Amino acid sequence: MAALSLISPIPSSASLPPIYSLYHFKTLQSNKTSSTSISGGFRSSWNLRIDSKAGKRQLGLMVSRNGGGGELDDMDEGQIENIGDQDEDDEEWTQAHASSSSSSPERWDVLGLGQAMVDFSGVVDDAFLEKLDLEKGTRKLINHEERGRVLQAMDGCSYKAAAGGSLSNTLVALARLGCPSITDRPLNVAMAGSIADDPLGSFYRTKLRRANVNFLSAPIMDGTTGTVIVLTTPDAQRTMLAYQGTSSVVNYDSCLASLISKTNVFVVEGYLFELPDTIRTITKACEEAHRNGALVAVTASDVSCIERHYDDFWDIVGNYADIIFANSDEARAFCHFSADESPISATRYLSHFVPFVSVTDGINGSYIGAKGEAIYIPPSPCVPVDTCGAGDAYASGILYGILRGVTDLKGMGELAATIAATVVGQQGTRLRVQDAVELARSHDFRLNSVGTDVGS
C-alpha cells in the first residue's frame, strides 16, 4: 500500500509559526462512512495535598456542617489553597510563562468542551468502602449531602483536592508539550464547561490557568461547582463518586459558538453524553466546528457511558467526529464486540466510520486506525507506579502530533505511548513541565519524518 497521506496543510495565519501550522484531514462531509476516503487520563494533581492532621480536620469540619458540604462551598479560594501545599511545579510554570499568555489569541489551537469538576482523591481500604456500602470499581452519582458524609468519613486518610477531569488532564499535558521552551509560541489551549461562582469554581479556573490552560466559560451564579471523590484501594481500583453540581448544565450559546469559530481542534469529552439535554449542545457545537474548518475529536470516557447512550454517541461519532480516543474496552463497546474480540479488530472497524482512531490497550500497547487498517504501537517501557490517567496523557501526544503536522503515524503513536509511560511511571497523574519539555524535544526528529504505511 502506498504511504498514507491522511493530513494535508491548510493555510495558517501570519502569526502562526510554520512548525505549528495545523494539518487538516482531507474533507469529506457528505459520506463519513466511506472506508476509502478521509475527512477532516492523568487526573490533574494541582495540589492541595491534605496529609497533615490539621488539614484533614479542617476539611472534615468544612463538609460536616450545614447539611453536608455547605461550608466547603462557602470558603474562599485562599482558604481552600491553604489546606495543603502549593504545587511548586505549577507555580514555576506560571512565573515562567505568564507574560506569554496574558492576552487572548486570535485562534485557539485546541478547545475542549467537558465537565469541570474538582477532585477529592484519597487512598482507602476495602473496609472503608464496605462501611459506606460502596461497590468497588464503579462510578456513581451522589447528592450534596452524600458528598459531605463521604468526605467527612475520609478524615484520617491521605487525600488531596485537585482541578481534575479527564479532559483537563489531556489539555494540561498538551499545553506543557507546546510550551515556549520548545518553540517561539506556546500552543493556545482552552477549555469550556460549567463552574459556579463559588470558591471551588475559582480554584478550578485558577489551577488550570497556572498550567496555561484558559477556562473560558463564565461562572454560573448561585450554583455549586461539581466534585468527584476518587477512592483508590491498594489493588489500584478506583471508586468514583460524582456530585455534578453546575457541571450537569452545559449550554450552547453565542459565547461558545464564537470560541469554536476560531478553534483548530475541538474536543468533546464523552462524559458529557451522560448529562440531560447536552446532545443538543454537542451537536450544535460540532456543526459549528465543521462549518469553520476545525477538526472534531471525541473521547469515549467510559464503557458504561457508551452503553447507556449508545445511539447519541453514534449520532455524533458517525456524523461529525474526525478523531476518536478510546481504550480497548470502550472501542469494543462502540462496535458491539464481545470481550473476545481483539482491539485491532475494533480499531479497524471504527476506522471505517472515523478518519483517525486511537485505541489504547494498557500494557499491550496501542493502535492507530485509518481507512479500515490499523498500525500497532508497542508500549513504551516503564516501571508502573500509577496507571490512572494514562489514556488522557496518550491523547495529548496524539493531539500534539496533529498540531505539529506529523505525517508519520507510527512516530506519533510512539510519542503518545512515551508520554503515557512517563505519567504511569510517577506518583500522580500530571505530566510534569520538565518531562513535557524533554519529551517534545527528544521526539522532535520524528515530527517531520515521512509518512507511514497503514498496516505496516
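The values are calculated or read from the model by the stated rules, or taken from the named source; none is laboratory data. No experiment lies behind these values; they were computed from the predicted model shown. No Cβ is skipped: glycine too gets one built from the backbone with ideal geometry, and neighbour counts run over all protein chains shown. Protein only, heavy atoms only, side chains kept; ligands, DNA and RNA dropped before computing areas. Shrake-Rupley method; radii C 1.70, N 1.55, O 1.52, S 1.80 Å.
Things worth noting here:
- Rough spin-label spacing in nm, given labels placed 7 Å along Cα→Cβ, for R149 and N292: 4.5
- FRET E, pair S258, K136, Förster distance 56 Å, beta-carbon r, rounded to 0.05: 0.80
- Placing R0 at 41 angstrom, the Cβ-Cβ distance between S158 and R441 gives a FRET efficiency of 0.75 after rounding to 0.05.
- Estimated inter-spin distance, M221 and R107, nm [label 7 Å along Cα→Cβ]: 3.7
- Inter-probe distance in nm under a simple model that places probes 7 Å from Cα toward Cβ, at Y310 and R432: 4.5
- In this view, the solvent-accessible surface of S342, computed with a 1.4 Å probe and all protein chains in place, comes to about 40 Å².
- Loop-located trypsin sites (Lys or Arg not before Pro) across the stretch 130-176 with a Cβ neighbour count of 14 or fewer within 10 Å are K136, with loop assigned by DSSP.
- Here the 3J(HN,Hα) profile of the stretch 237-254, calculated from phi with Karplus coefficients 6.51, -1.76 and 1.60 at θ = phi - 60°, is 7, 10, 10, 10, 10, 9, 9, 6, x, 5, 5, 7, 10, 10, 9, 8, 9, 5 Hz, Gly and Pro shown as x.
- Using 0.36 nm per residue and subtracting the Cα-Cα separation, the extra length available between R209 and R238 on full extension is 7.7 nm.
- In Å², nearest 10: area of L177 left accessible to a 1.4 Å probe: 0
- If R0 equals 51 Å, the separation of the Cβ atoms of A127 and D197 corresponds to a calculated FRET efficiency of about 0.85.
- For the stretch 299-425: accessible area per residue (Å², 1.4 Å): 32
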